[in-house]
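Structure record follows, encoded as structure tokens.
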Amino acid sequence: MTEHRSHPLIRAAHLDDCSSIVTVHLQCWQQTYQGLLSAQYLNGLEQTRARRIAWFAQTIEAGQPRVLVVEQDGQIVGFCNFGGAREEGAITTDAELMAIYLLATHQRQGLGRALWQQVRQALLPQEFKRVFVWVLEANTEALGFYRSLGFTADSSSSRVFEEQGEPLALICLSLAL
């Protein structure tokens with residue numbers, strides 16, 4: 001017997017989605033970055049749950065950056081957040097795609113592209129000219145995904161960000177809107 005899934009719904013996040021968004025976020029990190037980041041770091045992510053829930057609640061309430069979720073069969077299976085670029089010195093026509101995360105069971109089904117199309121449609125009327133995304137250098141799948149959308153590496157923009165003592169080497173990709 002085949003399992004029947006409802007069509008996924010992409011919508012603005014609500015405050016009561018925060019815990020589910022963080023669950024998706026943590027699961028994605030633990031699955032995607034296994035072997036790329038230390039086991040100690042990945043195992044310790046659960047300790048950041050409350051901080052992350054508070055951040056999403058504040059963000060959703062403020063409306064900036066914007067958060068969209070993918071809901072299927074009543075469950076949050078993915079999310080993205082985006083808005084004006086956070087980088088110091090960024091110009092007002094620069095936007096940033098801060099994250100696209102989908103549970104592994106919902107990847108490679110066009111949902112990432114669908115989320116990106118929603119983001120793009122939301123950014124265009126705001127007169128953004130360019131969008132950036134920071135990606136973990138070792139995450140070749142994400143780099144391939146963003147490149148398939150037309151993003152290119154910004155050769156001058158890479159950095160190492162440290163979170164909980166773990167160095168995270170990031171590369172910046174950009175796309176003209």
What distance in nm separates the simple spin-label points at L15 and K129, each placed 7 Å from Cα in the Cβ direction? 3.9
Global geometry of the stretch 81-166, whether rounded, prolate or oblate, following the gyration tensor of its Cα atoms and the 1.5 cut on a/c: oblate
Local net charge near D16, Cβ-Cβ under 14 Å (Lys/Arg +1, Asp/Glu -1): -2
Could you give me the ³J(HN,Hα) list for the stretch 102-111, computed from phi with Karplus coefficients 6.51, -1.76, 1.60 and θ = phi - 60°, whole Hz, x at Gly and Pro? 9, 4, 3, 5, 10, 7, 6, 10, x, 6
Tell me the label-point distance for the pair A104, A50, using the 7 Å Cα-to-Cβ offset, in nm and rounded to one decimal. 3.0
Using a ≥ b ≥ c from the Cα gyration tensor of the stretch 57-100 (square roots of the eigenvalues), is it rounded, prolate or oblate, where a/c under 1.5 gives rounded and otherwise the larger of a/b and b/c decides, a/b for prolate? prolate
How large is the charge dipole for the chain, taken about the Cα centre, if only the Cβ atoms of Lys, Arg (+1) and Asp, Glu (-1) carry charge, to the nearest 20 debye? 380
Taking θ = phi - 60°, what integer Hz values does the Karplus form 6.51 cos²θ - 1.76 cosθ + 1.60 yield along the stretch 72-82, in sequence order, with x for Gly and Pro? 9, 6, x, 10, 7, 10, x, 7, 8, 9, 7
Could you give the length gained on full extension between S157 and A39, defined as 0.36 nm per residue of separation minus the Cα-Cα distance, in nm? 39.7 nm
Rounded if a/c is under 1.5, else prolate if a/b beats b/c, else oblate: with a ≥ b ≥ c from the C-alpha gyration tensor eigenvalues square-rooted, which is the chain? rounded
Starting from the Cα of A176, move 7 Å in the Cα-to-Cβ direction to define the label point; list residues of the stretch 79-103 whose amide nitrogen is under 20 Å from there. 85, 90-97
Shape descriptor, the stretch 30-119: equivalent ellipsoid semi-axes (Cα gyration tensor, sqrt 5λ, whole Å, largest first) stand at 23, 19, 15
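Each reported figure results from applying straightforward, stated rules to the coordinates on display, with no laboratory input. All of these numbers come straight from a predicted model, not from anything done at the bench. Quick reminder, even Gly has a Cβ in these numbers, built from the backbone with ideal geometry, and neighbours come from all protein chains shown.
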